[in-house]
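Undergrad: One structure, pasted below without further comment.
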Amino acid sequence: MLVMGLMSGTSADGIDVALASVNGTPPLLESQLLAHATMPMHAAVRKEVLRIAEGGSCTAGEISQLNFRVRLRNVQLIGSHGQTIFHQGNAVTFLDSKTASTLQIGEPSVIAARTGIPTVGDFRVADMAAGGQGAPLVPYVDALLLRDERIGRVALNLGGIGNVTVLLPQSGLNHVLAFDTGPGNMVIDALIAHFTKGRKRFDRDAKMARRGRCVTSLLEELLRDAYLRMAPPKSTGREHYGQGFVEKLLRKARKYRLRPEDLVRTVTVFTALSVVDALNRFVLPRTEIRQVIVSGGGARNPLIMAQLAAALEPTEVLPLSKLGIPEDAKEAYAFALLAYETWNRRTGNLPSATGAKKAVVLGKICWAEPVRSRAGRLGRTGNTPSQRRQRKPKIR
C-alpha cells in the first residue's frame, strides 16, 4: 500500500511530506520511504496559526476557517497529523472538572474531498479518550524502524519540542519508554525571529549562537525548570515553552544585560542539556544506551549535536540520515505508517509512552467518495484491505 504522510510541527514552519510503501503486520511490518519533501507554510497562515496557538484573542469562526484552509494535490493515500494549536496532556481544572484536551486543525475531510483520496487524521484523541496524554505517538514507529536486537538505542527527535524513545534489544512494542524532554528548536526559533524582526526563522548552522557566550547563571536557572523534573509519562508544547516562556527569557536577558548572541547561545546549550538531563534522570540509571539517533531540525544544529556528543560520551550521537532516513522525514513517515495501521484497524499508540489505559486504534478515516456496486446501489468503497489487494495502487 502506498501512503502519504503529512506532518506540520509545533514550529509551524512548513509541512513535511513523506511517501511510503507499506506492507505486512507488526512486528514484521515492511516499509520503505520512497520520497520526502518539505513545503513552506504560507506566511500569513503561519502567523495566524502561531497567534492562536499562543492563546491570542480569536473567535470560534476564525479557528473554524483556519481548520479548513488546506491545499493538497497529486497524492495517493494520506495520513495527516494536522497542525496542533492546543495540547493539554495533563488534566487541569476547567469548569469545575479535571480536563485534558488536544486540538489539531487541518480538517481531514477537506483533504479527502479536495484530493479524492481517503484521509486518516485526528490521531491523538483516541489515546486521550483511553486516559493517555495523546503524545508522544511517534514511538510506535521508532520501535518498528529503529530497534536493534544487539544494542540499546534512544531515538531523539528535536522538532519544536524534544522527545525521546528508549529502544532496548529485548523489549517489544508493549515496553517502550518515551516522553517529551522539553524544548527542541521552539525557543531558539522564537528568539531568532524576535532579534531579526522576522527576517529569519531559525539559527542556520548555529551562526548566531556560535558568536555568543553561554551565561552559566542563566543556564542553571533554566535547568531548574519544573517540567524537567516531572517523571514520565509526560508531554509538553507551546503552552509551556511558547511566547510566555520567551518573554520571560527576554526580561532575564535585559536583567543580565546580555547580547542577543549570548541569549541564543545559552538557550541552545539549554536545549541540548535538557535532553541530557532527561536521559540522566530517567533512562541511563536503569539501562545501557549505546546510540542516540537524532532527527528533526535540531540534527542540523552543529552546536546542539556537539553538546550532546560531549555530554553523553561514550554514547554515540549520530543523525538519523546515517541509518538511511532523512532527519526531516521521520515524523511524516511515522504518520504514514500510523495511518496504515489505522486503515487496517490495528492499534497505534503505546500505553507505556502515553499513559493510556490500553492500546487503541488511532485517528478517524474520512472517505473521499462511495463506490457504486455492480447492481447500481451505493456499496462499500473499493478501499477495504481485501479489495486493495486485488488492484495495484497508482500514484497520480
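The values are calculated or read from the model by the stated rules, or taken from the named source; none is laboratory data. In this text the structure is predicted, and so the values were computed from the model without any measurement. All Cβ positions, glycine included, derive from the backbone under ideal geometry; neighbour counts span all protein chains shown. Accessible surface areas use protein heavy atoms only, side chains included; no ligands, DNA or RNA. Shrake-Rupley method; radii C 1.70, N 1.55, O 1.52, S 1.80 Å.
Undergrad: Could you please state how large a percent of the accessible area of segment 100-187 is carbon and sulfur, counting protein chains only and using a 1.4 Å probe? Before the final figure, lay out each step's value.
TA: Working: 1180 of 2500 Å².
So the carbon and sulfur contribution to the accessible surface is 47 percent.
Undergrad: Something else now. Averaged per residue, what accessible area in Å² does segment 59-156 show with a 1.4 Å probe, protein chains only? Write out the running numbers ahead of the final one.
TA: Working: 4320 Å² over 98 residues.
Heavy-atom SASA per residue in segment 59-156 reads 44 Å².
Undergrad: For segment 13-88, what does the convex hull of the Cα positions come to per residue, in cubic angstrom?
TA: Hull volume over Cα atoms, normalised by residue count, gives 134 Å³.
Undergrad: Projected area of the chain, taken from the Cα convex hull and averaged over every viewing direction, in nm²?
TA: Projected area, direction-averaged: 20.6 nm².
Undergrad: Classify segment 247-315: rounded, prolate or oblate, from the alpha-carbon gyration tensor (a ≥ b ≥ c, eigenvalue square roots; a/c under 1.5 rounded; otherwise prolate if a/b is larger than b/c)?
TA: On the way: a/c = 2.96, a/b = 1.99, b/c = 1.49.
Prolate.
Undergrad: Here is a follow-up. Using 19 Å as the Cα-Cα cut-off, could you pick out the over-long pairs in 47/364; 47/234; 98/357? If you can, show how the numbers build up before the last one.
TA: Details: 47/364 28 Å; 47/234 28 Å; 98/357 17 Å.
Over 19 Å apart, Cα to Cα: 47/364; 47/234.
Undergrad: Still on this model: To two decimal places, what compactness ratio does segment 181-335 give when its Cα radius of gyration is scaled by 2.2 N^0.38 Å?
TA: Scaled against compact globular proteins, the figure is 1.04.
Undergrad: In nanometres, what is the gap between the two model label sites at residue 29 and residue 64, each 7 Å from Cα along Cα-to-Cβ?
TA: Label-label distance for residue 29 and residue 64, simple model: 3.6 nm.
Undergrad: How much net charge surrounds residue 259 when only the other residues with a Cβ under 10 Å from the Cβ of residue 259 are counted, with Lys and Arg +1 and Asp and Glu -1?
TA: On the way: positive: 211, 213, 257, 265; negative: 261, 262.
Taking every Cβ under 10 Å from that of residue 259, the sum is +2.
Undergrad: State whether segment 151-236 is rounded, prolate or oblate according to the following rule on the C-alpha gyration tensor (a ≥ b ≥ c being the square roots of its eigenvalues): a/c under 1.5 gives rounded; otherwise a/b larger than b/c gives prolate, and the remaining case gives oblate.
TA: Prolate, because a/c is 1.5 or more and a/b exceeds b/c.
Undergrad: What number, in percent, do you get for the relative contact order of segment 79-222 if the mean sequence gap of Cα pairs under 8 Å and at least 6 apart is divided by its residue count?
TA: Relative contact order comes out at 13 percent.
Undergrad: Between segment 16-38 and segment 332-373, how many Å separate their Cα centres?
TA: Cα centroid of segment 16-38 versus Cα centroid of segment 332-373: 14 Å apart.
Undergrad: For the chain, what is the mean residue ellipticity at 222 nm derived from helices alone (per DSSP H run of n ≥ 4: -39500 (n - 2.57); sum divided by total residues; nearest 500 deg cm²/dmol)? Before the final figure, lay out the partial values.
TA: Values: 16 runs with 140 residues, N = 396.
Per the formula, -10000 deg cm²/dmol.
Undergrad: Right, something else. Is segment 310-355 best put as rounded, prolate or oblate by its Cα gyration tensor, with a ≥ b ≥ c the root eigenvalues, rounded for a/c under 1.5, and otherwise prolate when a/b is larger than b/c, oblate when not?
TA: oblate
Undergrad: What's the FRET efficiency of residue 175 with residue 364 using the Cβ-Cβ distance as r and R₀ = 22 Å, to the nearest 0.05? Don't jump to the answer; show the numbers that get you there.
TA: On the way: r = 28 Å, r/R0 = 1.28.
E between residue 175 and residue 364, to the nearest 0.05, is 0.20.
Undergrad: Could you give the angle, 0 to 90 degrees to the nearest 10, between helix 186-195's Cα long axis and the longest principal axis of the Cα atoms of the chain?
TA: Roughly 60 degrees, rounded to the nearest 10.
Undergrad: Which angle from 0 to 90°, rounded to the nearest 10, does the C-alpha axis of helix 43-53 make with the longest principal axis of the chain?
TA: Approximately 80 degrees, to the nearest ten.
Undergrad: Enter the Cα centre distance for the pair segment 285-304 and segment 97-164, rounded to the nearest angstrom.
TA: Centre-to-centre (Cα) distance: 20 Å.
Undergrad: After finding the eigenvalues of the alpha carbon gyration tensor for segment 56-141, what semi-axes result from the square roots of 5 times each, listed largest first in whole Å?
TA: Each semi-axis is the square root of five times an eigenvalue, giving 26, 18, 9 Å.
Undergrad: Moving on. Compute the acute angle (0 to 90°) between the alpha-carbon long axis of helix 243-256 and the principal axis of greatest extent of the alpha-carbon atoms of the chain; round to the nearest 10°.
TA: Long axis of 243-256 versus the principal axis of the chain: about 10 degrees.
Undergrad: Which whole-Hz couplings ³J(HN,Hα) result when phi for each residue of segment 146-151 is put into the Karplus expression 6.51 cos²θ - 1.76 cosθ + 1.60, θ = phi - 60°, listed in order with x for Gly and Pro?
TA: 10, 5, 10, 6, 10, 10
Undergrad: Still on this structure, I have one more. Using a Förster distance of 22 angstrom, determine the FRET efficiency expected from the C-beta separation of residue 150 and residue 310, and round it to 0.05.
TA: 0.30
Undergrad: Here's a follow-up. Just to confirm a number: summing +1 for Lys and Arg and -1 for Asp and Glu over residues other than residue 55 whose beta-carbon lies under 11 angstrom from that of residue 55, what do you get?
TA: Net charge around residue 55: 0.
Undergrad: Next up: Can you spot the lysines whose alpha carbon is less than 28 Å from residue 322's alpha carbon? Ignore those fewer than 8 places along the same chain.
TA: Filter leaves 207, 330.
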